[in-house]
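What follows is calculated from the coordinates using simple rules that are stated; it is not laboratory data. Quantities reported herein were computed from a predicted structural model and do not represent experimental measurements. We place every Cβ from the backbone using ideal geometry, glycine too, and count neighbours over all the protein chains shown.
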Amino acid sequence: ALILLLGANLFLTFSTGGYASAILATVVLLFLSYRCGLIRRIGMSRLAVMGLAVWALAVVLVFAFVPTARTSLQIVVDKVVNPERSEHSAMLRERARFAAKCIFAEHPVWGVGPGNFPFYRPQYVEDDPTAVDYERVGRWDPNNLYLEVLSERGVVGGIAFSLIWLVFFTQMLMSLKKARDDYSRALLVGFIAGFAGVLLGYYAHANFFRIYIWVMMGLAMAAARLAHEPAPEMEIASPEAHPWRGGPVLEAPVRSFRPDAGAAR
């Protein structure tokens, strides 16, 4: 139910990047679940069919009872098919990305420094007749994580950034092969699919360096490490009492259980 609710909320955002990220994450999730055997063992196929049916019904109800749904969806389509004819925000993003490409071309090795793209961007759009006044002076990011990394950190930063993700996904996939149980496999599959969607979504966003992304990566790496470690044995409590604040040690009574004790009575 929670997944269906999140899916409906995602649909109502009418975000092109959100749709693309969700599709990729779903494909990766189903593929890895099938390869790991989770779909057969958990019966995921039946749940997936039921979930898609309910979600499709929710989409139909949205278009039937939300007047602005069709208009918003048309805007999303225009951003992909005809960005020059869509809302002004689409062209603003295109100009910001163009500025990022120009900055990278002029500073290819080290870039212009972390956080400096907004200060360099205005000089690349000030002569554009379609740009508005606030766009020439406002602080805008390139709306693309990869262009942001290249323009601000150059090739050196781009290579380092790529290595972070290469190590991350390599560790996750290796741990997935060695996972000891289905719960660990499902957890790793979810992390891999989620971050695959994140990487695609950052083609249209540039807020990677917020703390919650690093927190989620840390949790994913911790899950990857624990997934292939042996399960801890159950700890058995000692029957002996322990001293508390210097008090006397009390011996716990020892009781023996004999199956024939009741019959003897």
Projected label distance in nm at VAL60 and LYS101, using a 7 Å step from Cα toward the beta-carbon | 4.3 nm
Sparse-neighbour loop sites [trypsin sites (Lys or Arg not before Pro); the range 136-201; at most 14 other C-beta within 10 Å; DSSP] = ARG139, ARG180
